[in-house]
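Visitor: One structure, as structure tokens, below. Some questions next.
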Amino acid sequence: MTSPLIAVDELAGRLEEVTVLDVRYRLGGPPGPEEFAAGHVPGASYVDLGAALAGPPGAGGRHPLPAPDVFVAAMRAAGVCNDRPVVVYDDWSGNAAARCWWLLRHHGHRDVRVLDGAWPAWRAAGLPVEQGAPAPAAEPGGFTGEPGAMPVVDVATVRDAGVLVDARAPERYRGEVEPVDPVAGHIPGAVNLPSSANLGPDGRFRPVAELAEAYAAVGATAGADVAVYCGSGVTAAHDVLALEVAGVAAALYPGSWSEWVADPDRPVETS
């Protein structure tokens, strides 16, 4: 199996062969378009997480999945084609990039990879940087994806998972703090493995054996029925990506905690 990750040196040697998507986004951070304009991987197209990778917030959570036609149109505008490899990067430890990776895979694209180490790794390697404001790709892509290729659970089925992983920070999982959503705690029965634990000190994903060991410790092994959630369905995709690196298939709960607590009758655990 080809790894869903790509190293900066490999990407640097394949820029003419792939479509590169810049999905820089950080909650409360600098605006992605401005960061893109200041410098980006040569030839990259900018993709806005809020407009293209999520639907309007509401009862389905803060970052529900985008309507398929909206997502497909955004990918076409960014130059994505069905038969051309795609590489996605951000400056948020791969969290936004993982969301785009998951959506493209979910919509049937078979060759999507995330830049390991994200934008900081590209800069640290001293590789070329291009400047300029976001604009549609010179050649619109012919992407024709439809959703359904990646496993998904919803609010009615999420607790049926054999192993339910909560990708948020441990203090949020335990209900000690909740900086974003109106209720603290976690879905009953969930185990915690924060997305930040997927990375080493250098900002790159940990080796396959280390990831496999960490997830096996909470029961997430190959063949197990695994589902992942977070606060709004974005960083959970980072755990799904890490699990795929480790050889474990996992379903995403897109609504995540923000959808779960929208109904006060749904149970909550703190511990």
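Just so you know, all these numbers are worked out from the coordinates, no wet-lab data involved. Owing to the predicted nature of the structure, the values given are computational and were not obtained by experimental measurement. Here the Cβ positions follow ideal geometry from the backbone for every residue, glycine too, while neighbour counts run over all protein chains shown.
Visitor: Report the charge-dipole magnitude of the chain in Debye, nearest 20, computed about the Cα centre from +1 at each Lys and Arg Cβ and -1 at each Asp and Glu Cβ.
Guide: Numbers: 18 positive and 34 negative charges, 7 e Å.
That gives the chain a dipole magnitude of about 40 debye.
Visitor: Sticking with this one: With springs connecting C-alpha atoms under 10 Å apart, model the chain as a Gaussian network and identify which of 114, 183, 86 has the largest mean-square fluctuation.
Guide: 183
Visitor: Hey, another quick one. Return the inverse of the average 1/r over all pairs of distinct C-alpha atoms in region 152-193, which is the Kirkwood hydrodynamic radius, in Å to one decimal.
Guide: On the way: mean 1/r = 0.0915 Å⁻¹.
Result for region 152-193, one decimal place: 10.9 Å.
Visitor: Using per-residue counts of other Cβ atoms within 10 Å, averaged over each peptide, order 53-61, 229-237, 145-153 from highest down.
Guide: Highest to lowest by the protection proxy: 229-237, 53-61, 145-153.
Visitor: Mind pulling the angle between the C-alpha long axis of helix 68-77 and the longest principal axis of the chain? Nearest 10 degrees, somewhere in 0 to 90.
Guide: 30
Visitor: Obtain the nm distance between the two label points defined at residue 249 and residue 217 by a simple spin-label model: each point lies 7 Å from its Cα along the Cα-to-C-beta direction.
Guide: Rounded to a tenth, the inter-label distance reads 2.7 nm.
Visitor: Which angle from 0 to 90°, rounded to the nearest 10, does the C-alpha axis of helix 95-106 make with the longest principal axis of the chain?
Guide: Roughly 90 degrees, rounded to the nearest 10.
Visitor: Which percent, nearest 5, of DSSP beta bridges in region 5-124 are antiparallel? Before the final figure, lay out each step's value.
Guide: Values: 1 of 12 bridges.
Restricted to region 5-124, the bridges split so that about 10 percent are antiparallel.
Visitor: Could you check what % of the DSSP bridge pairs in the chain are antiparallel, to the nearest 5? Could the numbers behind the result be given before it?
Guide: On the way: 4 of 24 bridges.
Taking every DSSP beta bridge within the chain, about 15 percent pair in antiparallel fashion.
Visitor: Kindly provide the helix-only [θ] at 222 nm of the chain, computed as the sum of -39,500 (n - 2.57) over DSSP H runs of four or more divided by all residues, to the nearest 500 deg cm²/dmol?
Guide: Details: 10 runs with 73 residues, N = 271.
Helices in the chain give a 222 nm mean residue ellipticity of -7000 deg cm²/dmol.
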